[in-house]
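The values are calculated or read from the model by the stated rules, or taken from the named source; none is laboratory data. These figures come from a predicted structure and were not determined experimentally. Positions of Cβ are generated from backbone atoms using ideal geometry, with glycine treated the same way; all protein chains shown enter the neighbour counts. All accessible areas refer to the heavy atoms of the entire protein, side chains included, with ligands and DNA or RNA removed. Shrake-Rupley method; radii C 1.70, N 1.55, O 1.52, S 1.80 Å.
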Amino acid sequence: MEWEGSGYGKAILIGEHFVVHGARGIALAVPRKTTVRLGKAPSLRFGFECGELLKEATRAILERVAGGTDFEVNVESELPVSAGMGWSASYCVALARAGAKAAGKEIGDGEAAEIAFEGEKVFHGRPSGIDNTLAAFGGLMLFRKGEGPKALEAGGQFHFVIANSGKKGATKELVEKVAGMKEREPEIFSWMVREEERIVDEAVSALGRADAAKLGELMDANNALLERLGLSTPIIDDIRKIALENGALGAKITGAGGGGCVLILAADAEGAKKIAGKLKEYGAFEFSVG
Ligand code: PMV
């Protein structure tokens, strides 16, 4: 007997880090999945190499959803690990769904996201919840910590590319680094939060009226804030430069930064293909939303 569940990857369109401090953010599901398969076993065991954090997160989720941990866990993922695409959240959601099936329970997307959050806390300390929400619901969402996510409607298709700059810094440490900056420079930080909220408002409106040029500008503006927080790297800067020189409308760090993925907006499907081709060495791929 085997039970299977899956969860999406995500990219943050606007607002990483600021969402941890109560601001709104916009995120989108990336059509790439992590799938977990569970089989009965005498005690918890893993069919793949994994670290202590993953083991602890797995225990927390299985205890909660299935009332025990006597399973063999296997995983397959189309997402890069530690790249800012929400691998851990997609794993936690996939595991919550597989665990629920093993326990003979039906859970909806909201419950899967909530159970997965138990695992995300193990991985990331004080996550905002944006990753597990997107991993469970999919789509395009406006998010604020502690509130229910709101699905957003795009007024047309948007064409994105994701390129991977390599292993990113640990989310937990980068979140602490930003919290340190907030403490040291509260006035600048609160200006940045206000600026980010303005970018979110304008982005919601650009998405609704299918204004890709404006959305690209806003992604660049968001990236400038993330740069000021010290979250960019020379490789991220190079990827952005290549993308912008090849017709991208905007490009930004997505996720915690310090490495990881860059989210790029192209003008159309052909443009996205071209940019992905130029960024092949960074594992770039294109997809559309809306
Ligand atoms: O890089 P990731 O996929 O771990 O995304 C982190 C996003 C942050 O806003 C930095 C943290 C959070 O919990 O929202």
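Among the candidates Ala256, Ala248, Ala210, Ala179, single out the residue that is closer than 15 Å to His21 by Cα and assigned to a loop (DSSP other than H, G, I, E, B).
It is Ala256.
Pairs please, first residue from the range 178-203 and without any contact (Cβ under 8 Å) to a residue 60 or more places away in the chain, second anywhere and small (Gly, Ala, Ser) and within 16 Å of the ligand (Cβ to nearest atom), Cβ atoms under 8 Å, 6+ apart in sequence or on different chains.
Once the first residue is without any contact (Cβ under 8 Å) to a residue 60 or more places away in the chain and sits in the range 178-203, its partners that are small (Gly, Ala, Ser) and within 16 Å of the ligand (Cβ to nearest atom) give Met181/Gly230.
I'd like the full set of residues that are open to solvent by less than 30 Å² (accessible area, probe 1.4 Å) and within 16 Å of the ligand (Cβ to nearest atom), limited to the range 103-122.
The answer is Ala113, Ala116, Gly119, Glu120, Val122.
Filtering the range 6-41 down to residues that are open to solvent by 50 Å² or more (accessible area, probe 1.4 Å) and under 22 Å from Phe287 (Cβ atoms), which residue is nearest to the chain's Cα centre (by Cα)?
Tyr8
Per-residue answers, yes or no, for (1) within 10 Å of the ligand (Cβ to nearest atom); (2) modelled with pLDDT of 95 or more; (3) outside any helix (DSSP H, G or I); (4) open to solvent by less than 10 Å² (accessible area, probe 1.4 Å):
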residue	(1), (2), (3), (4)
Asp131	yes, no, no, no
Leu142	no, yes, yes, no
Lys145	yes, no, yes, no
Gly148	no, no, yes, no
Ala154	no, yes, yes, no
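List pairs: first residue in the range 213-229 and over 19 Å from Ile162 (Cβ atoms), second residue open to solvent by 30 Å² or more (accessible area, probe 1.4 Å) anywhere in the structure, Cβ distance under 6 angstrom, at least six positions apart or on different chains.
From residues that are over 19 Å from Ile162 (Cβ atoms), the pairs are Ala213/Leu249.
Among what's in the range 202-234 and is of a type outside the set (Gly, Ala, Ser) and within 11 Å of Ala154 (Cα to Cα), pick the residue that is most open to solvent (accessible area, probe 1.4 Å).
Selected residue: Arg209.
Going through the range 5-41 one residue at a time, which ones are in contact with a Phe, Trp or Tyr (Cβ under 8 Å, 6 or more places away or on another chain), under 20 Å from Cys261 (Cβ atoms) and assigned to a loop (DSSP other than H, G, I, E, B)?
The answer is Gly15, and nothing else.
For Gly125, work out the one condition from (1) at pLDDT 95 or above; (2) within 13 Å of the ligand (Cβ to nearest atom); (3) not aliphatic (A, V, I, L, M) it doesn't fulfil.
Condition not satisfied by Gly125: (1).
Mind checking which residues of the range 42-89 are more than 14 Å from the ligand (Cβ to nearest atom), in a loop (DSSP other than H, G, I, E, B) and open to solvent by 50 Å² or more (accessible area, probe 1.4 Å)?
Within the range 42-89, Pro42, Ser43, Glu49, Gly67, Asp70, Glu78 meet the criteria.
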